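Here's the structure, in structure tokens; my notes come after.
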Amino acid sequence: MSPFEVVVVSSDLALRHHLARVLANLGVHPVPISTLRECREILAQEKVGLVFCDLHVADGNYQELLAVYPESDDRPRVVVTSGSADWDEYKEAMRCGAFDIISVPCRNTDVEWMVIQAKRAERGAEGPAPMRVEPPKLAKAAGASASSGARSVASHSK
């Protein structure tokens, strides 16, 4: 697997710096930029695992970015960053093909979760991830024996 590339598209310099810092702390080396034009240039040259993009930037919005890749395997995973992130905005972003939407100011845990999910999705495209078996204590708590409960939980987690 190639290195995991992340692009941060935001007109807000403070947000770009914040996201870059959080991502760097996760071992990811992001490319912070301010326009969709720059983002499209990068996407044309490199495989990018994840894009954090404001609802609106100086030269457009996240929907224009997603429209360039109509439901193809080449479509980047775009996480929309929004000051309001209300339910209607969320539904619209998901309808347009966004990977997810997170609130600004971005919490470190939200950013980390997006990276984890994107890496899992990338692995899923390359083949199945190893089967995860729940710890026996969870199976006992569910009222099953440790061995049968673990098999039951694992079979449902696919």
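Worth a mention:
- Residues of the stretch 97-122 that are of a type in the set (Phe, Trp, Tyr) and more than 15 Å from GLY27 (Cα to Cα): PHE99 alone.
- Residue that is nearest to ALA93 (Cα to Cα), among those in the stretch 34-62 that are among the charged types (D, E, K, R) and assigned to a loop (DSSP other than H, G, I, E, B): ASP59
- Within the stretch 1-39, tally of residues that are over 25 Å from VAL68 (Cα atoms) and of a type in the set (Asp, Glu): 0
- Only listed residue being touching a residue at least 24 places away in the same chain (Cβ under 8 Å), under 18 Å from the mean Cα position of the chain (by Cα), closer than 15 Å to CYS96 by Cβ and not in a strand (DSSP E or B), chosen from LEU15, LEU65, LEU23: LEU65
- Checking VAL28 against (1) of a type outside the set (Lys, Arg); (2) in the same structural domain as ILE101 (by TED's automatic domain parsing); (3) at pLDDT below 95; (4) exposed (fewer than 14 other Cβ atoms within 10 Å of the Cβ), the condition it does not meet: (4)
The values are calculated or read from the model by the stated rules, or taken from the named source; none is laboratory data. Everything numeric here is computed off the predicted structure, so don't read it as measured data. Using ideal geometry, Cβ is built from the backbone for each residue, glycine included, and neighbour counts are taken over all protein chains shown.
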